[in-house]
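Read the structure below first, then the notes.
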Amino acid sequence: MAMTRQQSFAFAYPGWDVSYDEDGGGDYLATRKIPINEYQSMNGAVERLVADDAGELFMLCDAQNHLAERLLTAQALGDQERERKRTETAQRIAQLPSRPGGPVGDVGSGPGPRLA
C-alpha cells in the first residue's frame, strides 16, 4: 500500500504539520504541532516554516526541533540560577540584624524636617 503525500509528510517531519501549497507557488509549509513558549520564540524558535523543496524543509524542521529542545534546557538552567539568587538574597536579608520599630526604623520619630 503506497503512502499519500500527507502521510509521508507526517512520517518525515515529526512534530510538524506539513503541506504543499500548489496554489501559492509550490512552497512547502510547516506548522508546529506543539506551540513554543515565549522564551523559545524570543531566542529564535519559530512556529511556521516555508521552503522551496522537501529536503530544505526537512533540514529546517530538524534544526528547529533541536533549537527548541536546547532552548528549553537553557530556560531551565536560567530558572535554576534565578531561584538560587532569590534564595541567597532571602538568606542574607534574614541574617540582617533587627532594628527597633521594624525593618525601616521608627517612622515619624526623631527631629525630621520642619514645616513652616
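A few points about this structure:
For (1) surrounded by 10 or more Cβ atoms within 10 Å (Cβ to Cβ); (2) among the polar types (S, T, N, Q), each residue gets a yes or a no:
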{"residue": "GLN64", "(1), (2)": "yes, yes"}
{"residue": "GLU69", "(1), (2)": "yes, no"}
{"residue": "ALA74", "(1), (2)": "yes, no"}
{"residue": "ASP79", "(1), (2)": "yes, no"}
{"residue": "ARG84", "(1), (2)": "yes, no"}
{"residue": "THR89", "(1), (2)": "yes, yes"}
{"residue": "GLN95", "(1), (2)": "no, yes"}
{"residue": "PRO100", "(1), (2)": "no, no"}
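- Pairs, first within 16 Å of GLU38 (Cα to Cα) in region 73-84, second aromatic (Phe, Trp, Tyr), C-beta under 6 Å, six or more apart: GLN75/TYR39
- Candidates are the residues of region 21-42 that are surrounded by fewer than 13 Cβ atoms within 10 Å (Cβ to Cβ) and more than 28 Å from GLY78 (Cβ to Cβ); the one that is modelled with the lowest pLDDT is GLY24.
- Output for region 17-57, where each listed residue is touching a helix residue (DSSP H, G or I) at 6+ places or on another chain (Cβ under 6 Å) and not in a loop (DSSP other than H, G, I, E, B): VAL18, TYR28, ALA30, TYR39, GLN40, LEU49, ALA51
The values are calculated or read from the model by the stated rules, or taken from the named source; none is laboratory data. Keep in mind the model is a prediction, meaning the values are calculated, not measured. FYI the Cβ positions are ideal-geometry reconstructions off the backbone, even for glycines, and counts take in every protein chain you see.
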